[in-house]
Amino acid sequence: MDALPVYLLITILLIAVVTDLRSMRIPNWLTFPAIAAGLAYHGITQGLDGLLFSLAGLGLGFAMMLLPFILKVMGAGDVKLMTAVGAFLGLKGVFSAFIWTSLAGGVYALVVLLFHIPQLKAIGSSIKTSFTTMMVSGEMSYHAATEGQKLPRLCYGLAIAAGTIVSMYFSGKLAIAFPGVIPAP
């Protein structure tokens with residue numbers, strides 16, 4: 001992979017982070033052209049093999065994010081962003097990016113929790129009340145936390161960007177795109 005797709009993917013990721021932090025959305029006007037750009041780049045530069053490389057990454061990127069989306073843990077923009085990452089990085093690259101994204105997402109969630117201890121305590125209290133009710137009455141009912149006690153939603157585009165960039169660093173793609181600035185791993 002040469003430098004152009006790395007520059008393009010980093011630009012897409014940075015725009016996704018900004019829009020996600022501002023509006024808690026990663027828009028289609030960013031993700032769909034990003035997917036098309038990844039497919040087009042590999043298809044044009046490497047022919048059918050490149051297109052298949054890109055499609056395999058796209059499919060795995062989508063598949064890995066589908067279950068969290070179905071469980072309503074992840075938004076559709078996050079799924080499409082990881083799909084675009086797959087279109088650029090291929091099968092191995094998107095798998096590595098997903099692993100690093102998961103780690104970045106975990107760290108991000110822990111940091112958010114540290115800044116929301118009162119809400120975390122309220123949620124714990126709700127779970128304790130629900131469990132106590134179930135043990136005493138035998139009824140399964142969840143006593144939800146009130147709106148002010150809920151934890152904030154995470155902007156997972158930040159974790160996707162961080163994980164993808166770390167993955168590109170360890171694969172040497174950033175050293176190729178930024179020679180003399182970023183050392184090879």
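Below is a table of values for the structure above.
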{"quantity": "Ratio of Rg to Rh over region 1-60 (Cα coordinates, Kirkwood Rh, two decimals)", "calculated": "1.03"}
{"quantity": "Cα coordinate range in region 56-99, projected on the principal axes (Å, largest first)", "calculated": "26, 16, 13"}
{"quantity": "Potential extension, L110-L71 segment - 0.36 nm per residue separation minus Cα distance", "calculated": "12.0 nm"}
{"quantity": "Distance between modelled label sites at S137 and R22, nm, 7 Å Cα→Cβ extension", "calculated": "4.7"}
{"quantity": "Burial ranking of peptide ranges 100-108, 155-163, 82-90 (average Cβ count within 10 Å, highest at the top)", "calculated": "82-90, 155-163, 100-108"}
{"quantity": "Stretch gain in nm, segment A36-L14, where the contour uses 0.36 nm per residue and the Cα spacing is subtracted", "calculated": "6.1 nm"}
{"quantity": "Highest average packing first - 9-20, 45-56, Cβ atoms within 10 Å", "calculated": "9-20, 45-56"}
{"quantity": "Over the chain: helical MRE at 222 nm, DSSP H runs n ≥ 4 each giving -39500 (n - 2.57), nearest 500", "calculated": "-27500 deg cm²/dmol"}
{"quantity": "Mean projected area in nm² (Cα convex hull; one quarter of hull surface) for the chain", "calculated": "12.5"}
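Every number in this text was worked out from the coordinates using simple rules, so none of it is lab data. Because the structure is predicted, anything quoted here is derived from the model rather than measured. Heads up, the Cβs are rebuilt from the backbone with ideal geometry, glycines too, and the neighbour counts pull from every protein chain shown.
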